[in-house]
Amino acid sequence: MTPQPTCKPDSRRGFIPPRNEEEQFLFKRFQELAQQARQKNIPRYSGFLSDREQDLARAAMNKAGWEEYGFQGGYPQSERQVLCIEPADSWQEQPVAGLIIRPGRGSQKQPQHKDYLGSLLGLGLERECIGDIVPALDGSYAIVFVLEDKAGFIKDQLCQVGSVSVSLDDWDPDGPEKLELPQRTIKTASLSSLRTDAFLAAAMNTSRSNAAEFIRSGRVEINHIPVDRPHEEIFLGDVFTVRGKGRFRLESIGGKSRKDRIFVEYFQY
């Protein structure tokens, strides 16, 4: 019999060391940036990082004994962020720029997030050059965060997103085009146990056996790390990516019902 997880309501998943050559290379790169900043007393910046890559960056800074660092993504709730290693008495840069992309007037089909990302990558940019892409709720524009040294190139080269002509300008946070973040609808579920299959069954409104099949088939990641065990324990703040179904974030783990089921809250991105 598989032991039942005993995760406390406020427990978070511990750090997972680099798992492969790519992550080991990235970990060493972060350490090298910290070493350069220390030796030359100059700021050093990474590209945009995923949640998992940010965890690796924090661990690398801790191992290097470097405390003068932070993350920037262009706005406080950003998901993809740049590691900023900035000695206290050094000159500092603004590594992130915001651009506003406006579809041409009369466009019948408004571009979606995937359209903006695909067109930006189509310019030959690496994914690390591009941060969050936030379309306006009415689809009339999108705000994209990019590495500052790529902003001019993008403004010069990007003239179409999908089949829609676009124009670009620097984004002014105080201008008329506001950053409109979608409202997250918090949902509640009760789980028989704090296992991945139990949570995904509730989040996807499917059976536990079907959720387990998604996991075994390699279609599920937790915090950008693939999982293949249905009984994998879940923790507060975990982000579940299910290929073809979307992403879910576990927001809270509460008490138990009279039938010994565990209450959780989550939302879907």
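General remarks:
- Filter result for the condition that a residue is without any contact (Cβ under 8 Å) to a residue 60 or more places away in the chain, in the same structural domain as GLN36 (by TED's automatic domain parsing) and either surrounded by fewer than 20 Cβ atoms within 10 Å (Cβ to Cβ) or more than 26 Å from GLN36 (Cα to Cα) (or both), over GLU79, GLU148: GLU79
- Test: residue in segment 96-107 that is farther than 21 Å from GLU32 by Cβ, modelled with pLDDT under 95, not assigned by TED's automatic domain parsing to the domain that holds GLY139 and not hydrophobic (A, V, I, L, M, F, W, C): no
- Residue tally, condition without any contact (Cβ under 8 Å) to a residue 24 or more places away in the chain, out of contact with any strand residue (DSSP E or B) (no Cβ under 8 Å at 6 or more places or on another chain) and either surrounded by 13 or more Cβ atoms within 10 Å (Cβ to Cβ) or closer than 24 Å to GLN72 by Cα (or both), over segment 94-137: 2
- When segment 127-158 is filtered for residues that are modelled with pLDDT of 95 or more, of a type in the set (Asp, Glu) and under 24 Å from TYR269 (Cα atoms), the ones remaining, listed by number, are GLU128, ASP132.
Residues are listed down the side, and each one gets a yes or a no for (1) more than 18 Å from the chain's Cα centre (by Cα); (2) part of a helix (DSSP H, G or I); (3) touching a residue at least 40 places away in the same chain (Cβ under 8 Å):
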site: ALA34; (1), (2), (3): yes, yes, yes
site: ALA60; (1), (2), (3): yes, yes, no
site: GLY74; (1), (2), (3): no, no, yes
site: SER90; (1), (2), (3): yes, no, yes
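- Tally, over segment 156-207, of residues that are in contact with a Pro (Cβ under 8 Å, 6 or more places away or on another chain) and assigned to a helix (DSSP H, G or I): 2
- Remark: PRO76 falls outside the filter, which requires a residue to be of a type outside the set (A, V, I, L, M) and touching a Pro at 6+ places or on another chain (Cβ under 8 Å).
- Unique residue being crowded, with 17+ Cβ neighbours inside 10 Å and among the small types (Gly, Ala, Ser) when the list is SER140, SER165, SER193: SER193
The values are calculated or read from the model by the stated rules, or taken from the named source; none is laboratory data. All values reported here derive from a predicted model rather than from experimental measurement. Note that we place each Cβ from the backbone using ideal geometry, even for glycine, and neighbour counts take in every protein chain shown.
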